[in-house]
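In what follows, a structure is listed as C-alpha cells, so that the remarks can point back to it.
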Amino acid sequence: MGFGNPYGDPYSEEIVFEWVNRLVGMDIGIISLADTVGLATPEQVYDVTSYLVDSLPGTEIGVHLHSTSENWQQKLEAAVNAGSKRFDGALKGIGGCPMSGNELVGNINMEWMINYFDEKQILSTINYEALQESIRMANEIFKY
C-alpha cells in the first residue's frame, strides 16, 4: 500500500520509505508500490516513486496502479517520469479492490499501457503474437 491505506491504519510516505528500506535490507531487489484502492494522485505517484528510485539505485522500483479510465494515463506517466521501469497491469483491466468503494476503479488495462509505452518508444521488447493470444483468451473468459 505505497500510496495510502484503506483500512484506517496510520499511513505516511515515511512509513512506506521505512518498510521499503527494511525489505531492501533483507536483500529484496524488486519493490512494487501498490495504489491499492486507486486514490493516489499523479503527483503522489511521482513523489514516492522518484524518491525511492533516486535513493535506492540498486533496487528495481515498480508500480501496481489502480485507476479509473479517466486518470490511468496521468498516473502511469507520473511513474514513468519518476524513473520506474516496472509496471503491473491486467488484461482488459480485469480486477480491482473491493475496498475502493468504486466499481469503476480497477487494475490498469495492460493493452492501454503497452500502447502508451509504444507511443513513447520506451517499450523494449514484447511478443505481440502471445499478447494477442492472451487477449483472445481473456475475451473468452471475461465476457462483460
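The values are calculated or read from the model by the stated rules, or taken from the named source; none is laboratory data. Bear in mind the structure is a predicted one, so any value in this text is a computation, not a measurement. Methodologically, a virtual Cβ is constructed for each residue, glycine included, from the backbone with ideal geometry; neighbour enumeration extends over all protein chains shown.
Being under 17 Å from Phe117 (Cβ atoms), of a type in the set (S, T, N, Q), in contact (Cβ under 8 Å) with a residue 40 or more places away in the chain and not in a loop (DSSP other than H, G, I, E, B): is that true of Gln73 here? Here the answer is yes, as Gln73 does meet what is asked.
Counting only residues that are hydroxyl-bearing (Ser, Thr, Tyr) and at pLDDT below 95, which one in segment 33-58 is farthest from the chain's Cα centre (by Cα)? Once the filter is applied, the top-ranked residue is Thr41.
Every listed requirement among (1) modelled with pLDDT of 95 or more; (2) in contact with a strand residue (DSSP E or B) (Cβ under 8 Å, 6 or more places away or on another chain); (3) assigned to a helix (DSSP H, G or I) is met by Lys92 save one, (1). Cβ-Cβ contacts under 6 Å between residues 6 or more apart (or on different chains), taken from a first residue in segment 32-50 that is small (Gly, Ala, Ser) to a second residue that is in a helix (DSSP H, G or I), are listed as Gly38/Ser100.
Count of segment 24-43 residues, restricted to those that are assigned to a strand (DSSP E or B) and under 11 Å from Val63 (Cβ atoms), is 4.
Residue check: is Ile30 touching a Lys or Arg at 6+ places or on another chain (Cβ under 8 Å), over 11 Å from Phe3 (Cβ atoms), hydrophobic (A, V, I, L, M, F, W, C) and surrounded by fewer than 20 Cβ atoms within 10 Å (Cβ to Cβ)? So Ile30 passes the test.
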